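This report concerns only the one structure given below.
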Amino acid sequence: MFGKEIIVAGHLPAEHGEQLSKVEELRLLADYSDGSVAIERAVWAVDCAEAFVAAVKKKFDM
């Protein structure tokens, strides 16, 4: 639903949707499996989140 309403509708670049999907996979791995997330991937996820928040603020004049 998020992708359809925000990404496909053109409100934000597709890269944000792709990154959010990958970040969700990391979260699921960390929360619900015996696996762990490398620090480099965790830093990447935080960078993606910061870029997403900045894009939302810019798009919606926040």
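In this simple spin-label approximation, Val8 and Lys59 carry label points 7 Å from Cα along the Cα→Cβ vector, and these lie 1.5 nm apart. Look at the alpha carbon pairs under 8 Å that are at least 6 residues apart: their mean separation over the length of the chain gives a relative contact order of 31 percent.
In this simple spin-label approximation, Ser21 and Ala38 carry label points 7 Å from Cα along the Cα→Cβ vector, and these lie 2.2 nm apart. Each residue of the stretch 23-35 was assigned a 3J(HN,Hα) from its phi angle through the Karplus expression (A = 6.51, B = -1.76, C = 1.60, θ = phi - 60°), giving 5, 4, 4, 4, 4, 4, 4, 5, 7, 10, 9, 7, x Hz with x at Gly and Pro.
How do 14-25, 31-42 rank on mean C-beta neighbours within 10 Å, highest first?
Numbers: 14-25: 14.7, 31-42: 9.7.
Highest-to-lowest ranking by the protection proxy: 14-25, 31-42.
Where a number appears in this text, it was derived from the coordinates with a stated rule and is not lab data. What you see is a predicted model, and the numbers here were worked out from it, not measured in a lab. Using ideal geometry, Cβ is built from the backbone for each residue, glycine included, and neighbour counts are taken over all protein chains shown.
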